[in-house]
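Since the structure comes first, as structure tokens, the remarks are kept for the end.
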Amino acid sequence: MSTSNLPPVLALDGPSGSGKGTIGQICSLRFGWHYLDSGAIYRGLAWLAGDQNVSPEDVPALVDLADNMELVCHVREDDVAMVEVNGHVVTDELRTEETGEIASKIAPLQEVRASLLAMQRRCRKAPGLVADGRDMGTVVFPDADFKVFLTASAEIRAQRRFDQLKSKGFDVNLARLLESIQARDVRDSSRAVSPLKPADDAYVLDTSDLTIDEVVTRILDHVN
Ligand code: DC
């Protein structure tokens, strides 16, 4: 719990497809707080690397891209976040599995994470911030006022991602999505730098059998 005069933070961490994005945006609108989708930062860098023909293995070039990346994320009343990277609207491009795969490969790089840290901390502004990601409660905002860690079975998360991508018109395969989610879980949780894990003081919530409204209600109860 923060004892400073900094604006309050709700850190919302969890694996891919646990519902962090949807839940985080709803909470930010309910509280009237800012919203940080830190995954969009890693995805934005992944998209930029592809756009600029920078290999995910070329660490100095990635750090240079990260240092100069301008990312703007707007949350609208209809719960849809719009993301711009260096002036390009890339909302849909960032959600593809291909971008997620590249993001997951560059996210373990210590130099890249260090370069993106200040950008994330600058999002802590009055009246408050809902920050969603993997290491919000452990590394980026260890003094967050509230820490919630969302989980759900890999099968449920694959199904949710399938429905989400399908509704956007993407051609997707459920079995392949499940494989990709399981592989990403292993990569995100076993990496040496900022691995995905609940903060010691996090409220851990399994969303497998809960509706979005039920999850939001439990988080609001926890915060209140
Ligand atoms: O939450 P997401 O699927 O949009 O995240 C994309 C990738 O970025 C995922 O592989 C994990 C990584 N990531 C991270 O390492 N740290 C964060 N705070 C957010 C995302």
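The values are calculated or read from the model by the stated rules, or taken from the named source; none is laboratory data. Keep in mind it's a predicted model, so treat the numbers as computed, not measured. As a convention, Cβ positions derive from the backbone with ideal geometry for all residues, glycine included, and neighbour counts pool all protein chains shown.
Miscellaneous remarks
- The listed residues are 32, 19, 50, and the only one of them that is in contact with a Ser or Thr (Cβ under 6 Å, 6 or more places away or on another chain) and over 18 Å from residue 120 (Cα atoms) turns out to be 19.
- Residue match in region 30-42 (condition: modelled with pLDDT under 95, of a type outside the set (D, E, K, R) and surrounded by fewer than 17 Cβ atoms within 10 Å (Cβ to Cβ)): yes
- Yes/no for residue 182 being away from the ligand (no atom under 12 Å from the Cβ), touching a residue at least 24 places away in the same chain (Cβ under 8 Å), more than 19 Å from residue 26 (Cβ to Cβ) and in a helix (DSSP H, G or I): yes
- Residue 153 among the polar types (S, T, N, Q) and farther than 24 Å from residue 59 by Cβ: yes
- Summed over region 3-19, residues that are hydroxyl-bearing (Ser, Thr, Tyr) and within 16 Å of the ligand (Cβ to nearest atom) total 2.
- Test: residue in region 133-150 that is more than 16 Å from the ligand (Cβ to nearest atom) and modelled with pLDDT under 95: no
- Of the numbered criteria (1) away from the ligand (no atom under 14 Å from the Cβ); (2) aliphatic (A, V, I, L, M); (3) in contact with a Leu (Cβ under 7 Å, 6 or more places away or on another chain), the one residue 129 fails is (1).
- Residues that are of a type in the set (S, T, N, Q), outside any helix (DSSP H, G or I) and within 16 Å of the ligand (Cβ to nearest atom), drawn from region 185-222: 194, 207
- Meets criteria (free of Cβ contacts under 8 Å to residues at least 12 places away in the same chain, within 13 Å of the ligand (Cβ to nearest atom) and surrounded by fewer than 15 Cβ atoms within 10 Å (Cβ to Cβ)) for residue 114: yes
- Checking residue 61 against (1) modelled with pLDDT of 95 or more; (2) buried (at least 19 other Cβ atoms within 10 Å of the Cβ), the condition it does not meet: (2)
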